[in-house]
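One structure, pasted below without further comment.
Readers should treat all values here as calculations from the given coordinates under stated rules, not as data from a laboratory. The shown structure was predicted, so the numbers you read here are calculated from the model rather than taken from an experiment.
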Amino acid sequence: MVELDVVIPSAFDPFAEARDADAPGTKDYVHIRVQQRNGKKCLTTVQGLKKDFSYEKILKDLKKEFCCNGNVVQDKELGKIIQLQGDQRKNVLQFLVQARIVKKEQIKIHGF
């Protein structure tokens, strides 16, 4: 019998690096990610904002500014995550910096 080393690919997890608690500085960064849905549809997620902020008010301003829909999702491990329709990564980056919610150095953009 011959043993083969076969690696079975698993589904891509965009939050895998955020779950790594030993990674330096993961708590200090705001992560902006884009996830492909079906076809041309995308979903932008914002994770890592401080708990002091009202996520609902930030979401309301983001939705009004970019004319898109969105919601706040509560995750057991990652806390609150803001989801927006479409690829809004650059828009969210500019909004968070202009509103002085976070500094530009504290934001990491992921995807594509």
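Determine the alpha carbon to alpha carbon distance for each of Lys60/Lys103; Lys57/Lys108; Lys40/Lys76; Lys50/Lys108 and list only those over 19 Å.
Too far apart for the 19 Å limit: Lys60/Lys103; Lys57/Lys108; Lys40/Lys76.
Same structure again: Would you kindly state how much longer the chain becomes between Val97 and Cys68 on full extension, computed as 0.36 nm times their sequence separation minus their alpha carbon distance, in nm to one decimal?
Gain on extension, Val97 to Cys68, equals 8.5 nm.
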